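**Student:** I have a structure I would like to understand better, so I am pasting it below and will then ask my questions one at a time.
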Amino acid sequence: MSDKATLEYNGRKYEFPVIKGSEDEFAIDIRSLRSSSGMITIDSGYKNTGSCESAITFLDGEKGMLRYRGYSIEDLAEKADFLEVAFLLIFGELPNEEQLDTFHNDIKAESHVDEEMKKILHGFPKSAHPMGVLSSLTSALIAFNPTSVNVKSEKEMYHAIIRILAKFPVLVAWCMRKKKGLPLDYGDDALGYVENLHKMMFKKPNKEYEKNKIVIDALDKLLILHADHEQNCSTSTVRIVGSSHAGLFVSLSAGISALWGPLHGGANQAVLEMLEAIAADGGDTKKYMAKAKDKNDPFRLMGFGHRVYKNFDPRAKIIKNAADEVLADLGIEDPILEVAKGLEKEALEDQYFVDRKLYPNVDFYSGIIYRALGIPTEMFTVMFAMGRLPGWIAQWREMRLNNEPIGRPRQVYVGETIRPFMPLDRR
Ligand code: ACO
């Protein structure tokens, strides 16, 4: 097999090296294209464009496969906890006991958030969407921790990473407590990372916090499943913002904004709203299937389809089982679930969806579990951000350590060519 690709245009030939990834994926390295030919490529939505070489996450959309640092998502979801997975993603290896203890203790030592941050939180109306609040608070954190990170120092890099891993769950919990009118809480250092997050979110001021293992395990699994997904929209945003050497916290804040959109992380909220709307409309799934297929109707079946998975989303399989377990264990009978099951069955048998390889994605089921766990619909995407945090950090760290150049795509200009300026009174 040749390790070069040839492009022929206007009687001239240009050669480009072909790069092979560790999972036998091939890419044409066009870094010299513009300087050698004067041309660029165009690929809106970047469906065929690799923005970097990365050693963090591998996914095969055709086979429905997802691995973090070489470990299958199935193994990690079953055998590891979220903090171990965070360490794995960020530093490349699963931690041993001592490393995990140190990691957790370092996080606990940084888990306070400056009291002044509460003023910023209270500046938002209760009706504010928690994703906007979370993005703002994450960005504001820099004002209270103003040292810039020297990425050449592993120690400084580590400290910045620990700080955000420690403070982010507090912000997540505050976003929800603000919405619910509950007093703000700082959690409990004696608890595990995910358990502490749960306590910070749900602890009532006049009641002892009761740990529920089923709930904590489900939450842990959900966070692991969301922890990274290679160069998706929000991760690419984090990398591109960070590539200007903007700091970690603001790069993450930009990632949160990108995640908010309903075509990305916001889909989990959109799924639940869609299921509720269908249930309120009499539960006629067939009517909504028809709407989803009608090209004159903007309605899309939320939670179906994926840019890269053209086979079942492996996370959806794990989450579907977890959803069944959680609902059974908690004894929840949810009419929304019946609508979801109906839609899933019909879509999997429908030629339109089969032809386009539109399978349920992770968001189709995650909302159902979040709802069962008592998390308000508007908080679903915030939970996604909580899960994605280690992935964003790992990707930002890799980008900075690889000394990647600033992200700056080109364009093909299709506007007006030069024309004379027309004074106001003659237009
Ligand atoms: N319902 C109905 N039709 C759909 C859907 C859907 N959910 N998704 C794609 N299609 C159709 C498109 O209309 C198009 O049909 P056509 O070929 O006849 O024109 C075809 O399938 C391909 O769709 P694209 O939009 O080109 O696929 P793309 O890869 O660009 O989009 C996306 C992927 C954005 C996820 C899309 O499937 C979608 O909008 N899904 C619903 C939103 C959603 O669930 N997002 C969550 C993604 S997972 C995540 O971010 C964690």
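**Student:** Picking from K155, K108, which residue would you name as being modelled with pLDDT under 95 and either among the basic types (K, R) or in contact with a His (Cβ under 9 Å, 6 or more places away or on another chain) (or both)?
**Tutor:** K155
**Student:** Next question. Any idea which residue in segment 294-312 is farthest from G64 (Cα to Cα), counting only those that are in a loop (DSSP other than H, G, I, E, B) and touching a strand residue (DSSP E or B) at 6+ places or on another chain (Cβ under 7 Å)? Break it down into steps so the answer makes sense when it comes.
**Tutor:** Taking segment 294-312 as the starting set, the residues that turn out to be in a loop (DSSP other than H, G, I, E, B) are 294-303, 305-312.
This time we only want the ones that are touching a strand residue (DSSP E or B) at 6+ places or on another chain (Cβ under 7 Å), so: 303, 308.
On the way: G303: 16, V308: 9 Å.
Ranking the candidates gives G303 first.
**Student:** Then there's this: Could you run through segment 95-109 and say how many residues are part of a loop (DSSP other than H, G, I, E, B) and within 24 Å of the chain's Cα centre (by Cα)?
**Tutor:** Result for segment 95-109: 1.
**Student:** Could you tell me which numbered condition F304 fails, if it satisfies all but one of (1) under 17 Å from the mean Cα position of the chain (by Cα); (2) within 14 Å of the ligand (Cβ to nearest atom); (3) crowded, with 24+ Cβ neighbours inside 10 Å?
**Tutor:** Just one mismatch for F304, condition (3).
**Student:** Quick check on E333: is it within 30 Å of M386 (Cα to Cα) and either more than 16 Å from the ligand (Cβ to nearest atom) or not in a loop (DSSP other than H, G, I, E, B) (or both)?
**Tutor:** yes
**Student:** Kindly indicate whether any position in segment 148-161 is under 18 Å from V382 (Cβ atoms) and surrounded by fewer than 16 Cβ atoms within 10 Å (Cβ to Cβ). Let's see the steps before the verdict.
**Tutor:** Taking segment 148-161 as the starting set, the residues that turn out to be under 18 Å from V382 (Cβ atoms) are none.
No, there is no match, as no residue in segment 148-161 is under 18 Å from V382 (Cβ atoms) and surrounded by fewer than 16 Cβ atoms within 10 Å (Cβ to Cβ).
**Student:** Shifting gears a bit: For the subset of segment 343-394 comprising residues that are in contact with a Ser or Thr (Cβ under 9 Å, 6 or more places away or on another chain) and of a type in the set (F, W, Y), which member is nearest to A328 (Cα to Cα)?
**Tutor:** Only one residue fits best here, namely Y370.
**Student:** Which of the numbered conditions does R177 fail, given that it passes all the others? Conditions: (1) assigned to a helix (DSSP H, G or I); (2) in contact (Cβ under 8 Å) with a residue 40 or more places away in the chain; (3) of a type in the set (K, R).
**Tutor:** (2)
Rundown of residues vs (1) touching a Leu at 6+ places or on another chain (Cβ under 7 Å); (2) in a helix (DSSP H, G or I); (3) free of Cβ contacts under 8 Å to residues at least 40 places away in the same chain, yes/no style:
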| site | (1), (2), (3) |
| --- | --- |
| S35 | no, yes, yes |
| M39 | yes, no, yes |
| L76 | no, yes, no |
| V85 | yes, yes, no |
| I90 | no, yes, no |
| E93 | no, no, yes |
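**Student:** Taking segment 10-29, which residues are part of a strand (DSSP E or B) and either surrounded by 10 or more Cβ atoms within 10 Å (Cβ to Cβ) or in contact with a Ser or Thr (Cβ under 7 Å, 6 or more places away or on another chain) (or both)?
**Tutor:** The answer is K13, Y14, E15, F16, P17, V18, I19, K20, F26, A27, I28.
**Student:** Considering every residue within segment 193-215, establish whether at least one is under 30 Å from G70 (Cα atoms), among the aromatic types (F, W, Y) and away from the ligand (no atom under 16 Å from the Cβ). Explain how you work it out, then say what you get.
**Tutor:** Pass one, segment 193-215, residues under 30 Å from G70 (Cα atoms): 193-198, 213-215.
Filter again for among the aromatic types (F, W, Y), leaving 193.
Remaining after also requiring away from the ligand (no atom under 16 Å from the Cβ): 193.
Yes, that holds for at least one residue.
**Student:** Specify the residue that is nearest to L373 (Cα to Cα); the eligible residues are those in segment 266-283 that are assigned to a loop (DSSP other than H, G, I, E, B) and touching a helix residue (DSSP H, G or I) at 6+ places or on another chain (Cβ under 7 Å).
**Tutor:** Among them, the one singled out is G266.
**Student:** Another question about this same structure. Can you confirm whether segment 54-69 contains a residue that is touching a strand residue (DSSP E or B) at 6+ places or on another chain (Cβ under 8 Å) and surrounded by fewer than 15 Cβ atoms within 10 Å (Cβ to Cβ)?
**Tutor:** Within segment 54-69, not a single residue is touching a strand residue (DSSP E or B) at 6+ places or on another chain (Cβ under 8 Å) and surrounded by fewer than 15 Cβ atoms within 10 Å (Cβ to Cβ).
**Student:** Please name all residue pairs, on different chains or six or more residues apart, with Cβ atoms under 9 Å, provided the first residue is in segment 262-280 and is farther than 24 Å from S234 by Cβ and more than 12 Å from the ligand (Cβ to nearest atom) and the second residue is of a type in the set (S, T, Y) and assigned to a helix (DSSP H, G or I).
**Tutor:** E276/T377; A277/Y288; I278/T285; I278/Y288
**Student:** Also, quick follow-up: Could you count how many residues in segment 30-53 are surrounded by 13 or more Cβ atoms within 10 Å (Cβ to Cβ), out of contact with any helix residue (DSSP H, G or I) (no Cβ under 8 Å at 6 or more places or on another chain) and closer than 12 Å to Y14 by Cβ?
**Tutor:** Going through segment 30-53 one residue at a time, the tally reaches 4.
**Student:** Based on what the data block shows, is K47 in contact (Cβ under 8 Å) with a residue 60 or more places away in the chain and under 26 Å from K63 (Cβ atoms)?
**Tutor:** yes
**Student:** Considering only residues that are crowded, with 20+ Cβ neighbours inside 10 Å and within 9 Å of the ligand (Cβ to nearest atom), look in segment 350-359 and name the one that is farthest from the chain's Cα centre (by Cα).
**Tutor:** Per the stated criteria, the residue is F353.
The values are calculated or read from the model by the stated rules, or taken from the named source; none is laboratory data. Bear in mind that the values here come from a model prediction, so they are computed numbers and not experimental data. We place every Cβ from the backbone using ideal geometry, glycine too, and count neighbours over all the protein chains shown.
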